[in-house]
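J.: There's a structure below that I have some questions on.
Derivation of every value follows stated rules applied to the coordinates shown; laboratory data play no part. Note that the structure is a prediction, hence the values are computed from the model and not measured. In this analysis, Cβ positions are derived from the backbone assuming ideal geometry, glycine residues included, and neighbour counts consider all displayed protein chains.
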């Protein structure tokens, strides 16, 4: 996919400045550690929903986006309007896509889940109708339609979780582009800094006051049954999901690593 990316500048009308906060809140306190620096980026405004229904658009370019793991496709409509969408696999420059309530199963097309056959791979899925895609947007990911039941569609998520989504929600056909992203190795610390990631210090190298793993003479174990965060919460394998309104839609939880 990288070999067929367009060597053009991003569409000027579809980009805006991106302000960095360095992991700090409005009061200036660091609320997310290890963030800061990095190269300047322009944010590409992406159509996650279906703003122009039943209008055929042509793929004008396939572009790299520094703000996400997947690639972007630039749509050009007959009235001259242009939009960015997440580029699915096997989408080429010159292809045509359409957003409609029911359409063909071609990569990039977008339709309601109730019209998607069982076994089809989809991405950029809505949780609530007409609120834009929220699920399955990372590089190389896709969800599979498992069943149609009542007012819900059963989806198998990339994590292995089985969940229900309202049939009136829209989804895009195919899997997200750039599946090789997971195999990328940065190779040096400088590439990590360019992405805005600051260095991370091991908890066992700190003093006891700074981390539960700290203290001891030389290299010592953490002295705990399970690894913890600086705030005493489980660092590996612990459940982090709080009560959410979508819990009732989960049929089968994902398998947790032991």
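J.: Sort 29, 163, 68 by Cβ crowding within 10 Å, fewest neighbours at the top. Before the final figure, lay out the partial values.
T.: On the way: 29 8, 163 24, 68 17.
Lowest count first: 29, 68, 163.
J.: For the chain, what does the helix formula give at 222 nm: sum of -39500 (n - 2.57) over DSSP H segments with n ≥ 4, over the residue count, nearest 500 deg cm²/dmol?
T.: -500 deg cm²/dmol
J.: Further question: Run the quick spin-label model on residue 93 and residue 144: label points 7 Å from Cα toward the beta carbon, then report their separation in nm to one decimal.
T.: Placing both labels 7 Å beyond Cα along the Cβ direction yields 3.4 nm.
J.: With an 8 Å cut-off on Cα pairs and a minimum separation of 6 or more residues, tell me the relative contact order of region 57-118 in percent. Numbers along the way, then the final one.
T.: Values: 104 pairs, mean separation 16.7, N = 62.
Relative contact order for region 57-118 comes out at 27 percent.
J.: Report the antiparallel proportion of the DSSP beta bridges in the chain as a percent, rounded to a multiple of 5.
T.: 95 percent
J.: Further, regarding this structure: Using only the alpha carbons, work out the radius of gyration and Dmax of region 207-258 in angstrom.
T.: 16.1, 50
J.: Output the relative contact order of region 1-75, whole-number percent, from Cα pairs under 8 angstrom with separation of 6+ residues. Before the final figure, lay out the partial values.
T.: Numbers: 74 pairs, mean separation 22.6, N = 75.
That works out to 30 percent.
J.: If each of residue 219 and residue 134 carries a label point 7 Å out from its Cα toward its Cβ, how far apart are those two points in nm?
T.: Using points 7 Å along Cα→Cβ, the separation is 4.6 nm.
J.: Still on this model: Rounded, prolate or oblate: which one fits region 14-124, using the alpha carbon gyration tensor with axes a ≥ b ≥ c (rounded when a/c is under 1.5, else prolate when a/b beats b/c, else oblate)?
T.: prolate
J.: Between residue 76 and residue 33, what length comes free when the chain is fully extended (0.36 nm per residue of separation minus the Cα-Cα distance, one decimal in nm)?
T.: Details: separation 43, 0.36 × 43 = 15.48 nm, distance 4.04 nm.
Full extension from residue 76 to residue 33 adds 11.4 nm.
J.: Here is a follow-up. Given that just one value was derived from the coordinates, which of (1) 73, 65, 31; (2) 69, 46, 36; (3) 86, 61, 30 is Cα extents along the principal axes in Å?
T.: Label of the calculated value: (2).
J.: For labels at residue 209 and residue 105 in the simple 7 Å Cα→Cβ model, what's the distance in nm?
T.: A separation of 6.3 nm, rounded to one decimal place.
J.: Can you classify region 141-258 as rounded, prolate or oblate using the Cα gyration tensor, where a ≥ b ≥ c are the square roots of its eigenvalues, rounded means a/c under 1.5, and otherwise it's prolate if a/b beats b/c and oblate if not?
T.: oblate
J.: Pull out the extension gain between residue 26 and residue 159, defined as 0.36 nm times the separation in residues minus the alpha carbon to alpha carbon distance; nm, one decimal.
T.: Fully extending the segment from residue 26 to residue 159 adds 44.5 nm.
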